[in-house]
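Engineer: Handing you a structure now.
The values are calculated or read from the model by the stated rules, or taken from the named source; none is laboratory data. For clarity, every value in this text was computed on a predicted model and none was experimentally measured. Neighbour counts are summed over all protein chains in view; Cβ atoms, including those assigned to glycine, are modelled from backbone coordinates with ideal geometry.
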Amino acid sequence: MRPTILALAVTLAVPLSLPAAFAQQAPSVSEPVLRAHLALLADDLFEGRGTGQRGGDLTVRYLETQAAVIGLKPAYPDRADGGYRQKVEIQGTKLLPGSAVSFQAGGKRLAPEIGKGIVFGTASGRASLSFDAPLLFVGYGVDAPEEKWNDYKDVDVKGKILVMMVNDPQPTAEEPNRFAGKAYTWYGRWLYKFEEAVRKGAAGALLIHTIPSSSYPWSVPANGFSHERFRLAGPGNPIEGWLHEDTARELFAAGGFDLDRLRAQAERRDFRPVDLKVAAHVEIRSSVRQVEQFNVIGLVPGLDPKLKDQAVVYSSHWDHMGMDEAQPGSAAPGKDRIYNGAIDNASGTAALLAMAAEAVKKPARRTQVFLWPAAEEQGLLGSAAYVKDPVVPLAKTAANLNLDSLNFVGVTKDIGVPGAERSTLYDTAAGVAKRMGLKLAPTIPDLSGAYFRADHFNFAKAGVPAFNVGSAVFSGDGHFEFAHDHAASSEKMVGFKKDYHQVTDEYRPDWDLSGMVQQTQFTLNLGYAVANAQAMPAWKKGEAFGSVKR
């Protein structure tokens with residue numbers, strides 16, 4: 001029998017108690033509580049928790065109900081709606097039939113199939129677009145003064161569709177540390193590249209997909225662009241999307257260019273944009289709507305008179321990809337249309353609820369903020385909205401500890417803290433791990449850009465020490481030491497790649513959640529260590545985000 005919201009509300013009720021003294025160690029997270037929330041949030045009942053969909057509305061209602069039951073204080077106590085909601089106003093755009101992009105080059109017309117050779121949409125906010133534009137190859141599409149790198153040089157890109165590579169310029173023997181060496185930087189992310197095209201006034205941007213450069217298969221952008229896409233208000237590209245590598249190779253060849261040769265040239269500082277001699281004709285028909293979505297925020301007020309106006313923020317996005325609309329006559333009978341998102345990210349959403357249920361029992365010196373951001377899958381929109389209008393000023397926010405896609409395999413001997421090494425959070429995390437009988441997993445190069453792909457990054461950009469408290473699920477690399485049957489466990493975790501952003505990311509009752517509880521407990525323990533410390537964390541000297549003004 002499916003558990004009901006009312007039943008869980010009754011069983012999870014917890015009274016607030018005030019401790020006589022502060023302790024570094026947090027209360028113990030409950031596995032049954034975590035599992036109950038996970039199973040329900042990943043159930044078909046919530047329809048994949050889609051942004052702008054009924055399932056998203058149900059999720060927000062569930063989270064704010066549970067926040068009240070647990071005893072979290074509302075972030076906005078004077079509001080009639082209960083005070084747990086923070087409005088996130090976003091624009092939804094979905095590509096409609098009749099849309100197409102064709103290319104003319106060398107006397108040939110190329111029309112790649114949507115979903116197979118190309119995926120695209122508009123961020124312009126317009127329902128109908130029809131225009132012609134030339135293609136301009138701009139290498140990595142990076143303008144990074146601190147790296148003395150500018151792929152645009154003095155070329156006017158207005159009115160042109162920019163074709164870009166994903167990732168960063170790669171290190172060389174002469175410059176092994178340029179753009180963080182083999183690791184990703186913010187300049188490598190698709191979101192940066194689309195934003196840079198807008199800043200440059202281009203007609204749009206098309207990214208060349210390869211698995212090595214993006215770290216995920218073609219199915220990920222293909223699925224993403226097949227759904228309604230969302231963005232915060234502001235200027236956007238008339239067209240943005242991805243080219244399959246085979247399509248890109250064909251287009252370059254039609255214009256008389258070799259893709260591999262131009263990619264090699266783009267690794268040099270003296271690279272200049274290349275007119276591909278290809279003309280694009282764009283026809284875009286879209287449904288455009290304004291959507292009111294919500295972050296959910298609850299507080300455990302701090303008890304120290306001097307420190308209670310400072311805060312630790314725990315975050316975990318509640319959204320996933322929702323449910324595909326039924327297409328009468330086109331869908332096979334019984335086809336699964338729900339992207340349940342059990343691991344990504346019902347796991348983190350449930351973990352935060354389990355953590356909050358314990359945190360109210362033992363408040364810390366600083367305030368603890370529990371934040372469930374909306375629309376992470378759409379480009380970290382909910383956390384961006386929070387950072388613009390925080391409940392606790394960013395200057396008084398000690399840290400953001402984010403959870404996204406938790407360990408569903410089993411207990412580990414170590415814990416991942418990727419990105420913590422950028423600040424003194426690493427040293428605090430090492431102490432917490434030691435007290436738990438754990439070691440920190442080795443710091444490895446961020447080859448997939450994981451640090452820039454989760455909600456903590458918006459906090460980091462704003463100057464708050466932040467990272468995604470991790471297992472190997474998020475990057476799918478398996479670089480962790482499992483306590484039991486390491487080889488099989490690691491293989492199982494790496495196997496999640498095939499379920500990432502697919503309808504197969506579903507809850508399984510036979511999951512061993514001991515590792516998930518371990519990861520959740522570590523996060524809460526770390527939060528308490530930060531919340532009870534005399535001083536706030538600080539960025540390491542020379543860290544780029546340390547210079548960002550709060």
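Engineer: Is it the case, given these coordinates, that Glu283 is assigned to a loop (DSSP other than H, G, I, E, B), out of contact with any Asp or Glu (no Cβ under 8 Å at 6 or more places or on another chain) and under 30 Å from Thr122 (Cα atoms)?
Structural biologist: In short, no.
Engineer: Follow-up question, since we're still on this one. Identify, from the list Ala359, Ala364, Ala429, the residue that is within 21 Å of Gly348 (Cα to Cα), in contact with a helix residue (DSSP H, G or I) (Cβ under 6 Å, 6 or more places away or on another chain), modelled with pLDDT of 95 or more and assigned by TED's automatic domain parsing to the domain that holds Ala531.
Structural biologist: Result of the check over Ala359, Ala364, Ala429: Ala429.
Engineer: Quick check on Ser315: is it within 31 Å of the chain's Cα centre (by Cα), at pLDDT 95 or above and surrounded by fewer than 20 Cβ atoms within 10 Å (Cβ to Cβ)?
Structural biologist: So Ser315 fails the test.
Engineer: Here is a follow-up. Which ones in the stretch 200-221 are in a loop (DSSP other than H, G, I, E, B), polar (S, T, N, Q) and free of Cβ contacts under 8 Å to residues at least 60 places away in the same chain?
Structural biologist: Correct list: Thr210 only.
Engineer: Taking the conditions exactly as written (in contact with a Gly (Cβ under 9 Å, 6 or more places away or on another chain) and either modelled with pLDDT under 95 or buried (at least 19 other Cβ atoms within 10 Å of the Cβ) (or both)), does Ala205 satisfy them or not?
Structural biologist: Yes, satisfied.
Engineer: Within the stretch 432-455, identify whether any single residue is within 16 Å of the chain's Cα centre (by Cα) and under 21 Å from Arg85 (Cβ atoms), and answer yes or no.
Structural biologist: Yes, there is a match, as at least one residue in the stretch 432-455 is within 16 Å of the chain's Cα centre (by Cα) and under 21 Å from Arg85 (Cβ atoms).
Engineer: Any idea how many residues of the stretch 263-306 are among the hydrophobic types (A, V, I, L, M, F, W, C) and at pLDDT below 95?
Structural biologist: 1
Engineer: Another question, then. State all residues of the stretch 40-91 that are among the basic types (Lys, Arg) and either at pLDDT below 95 or more than 21 Å from Ala354 (Cα to Cα) (or both); if no residue qualifies, say none.
Structural biologist: Arg54, Arg79, Lys87
Engineer: Looking only at the stretch 263-296, count how many residues are closer than 30 Å to Gly322 by Cα and out of contact with any helix residue (DSSP H, G or I) (no Cβ under 8 Å at 6 or more places or on another chain).
Structural biologist: The qualifying residues number 11.
Engineer: Of the residues Val163, Val220, Val157, only one is touching a helix residue (DSSP H, G or I) at 6+ places or on another chain (Cβ under 9 Å) and farther than 30 Å from Gly107 by Cα; which?
Structural biologist: Being touching a helix residue (DSSP H, G or I) at 6+ places or on another chain (Cβ under 9 Å) and farther than 30 Å from Gly107 by Cα holds for just one of Val163, Val220, Val157, which is Val220.
Engineer: Contact list please: Cβ distance under 7 Å, first residue in the stretch 337-358 and farther than 12 Å from His317 by Cβ, second residue assigned to a helix (DSSP H, G or I) and at pLDDT below 95, pairs at least six apart or on different chains.
Structural biologist: Ile343/Phe496
Engineer: Condition (residue is surrounded by 22 or more Cβ atoms within 10 Å (Cβ to Cβ) and polar (S, T, N, Q)) applied to the stretch 430-452: is it met by at least one residue?
Structural biologist: Checked against the condition, which is being surrounded by 22 or more Cβ atoms within 10 Å (Cβ to Cβ) and polar (S, T, N, Q), the stretch 430-452 yields no hits at all.
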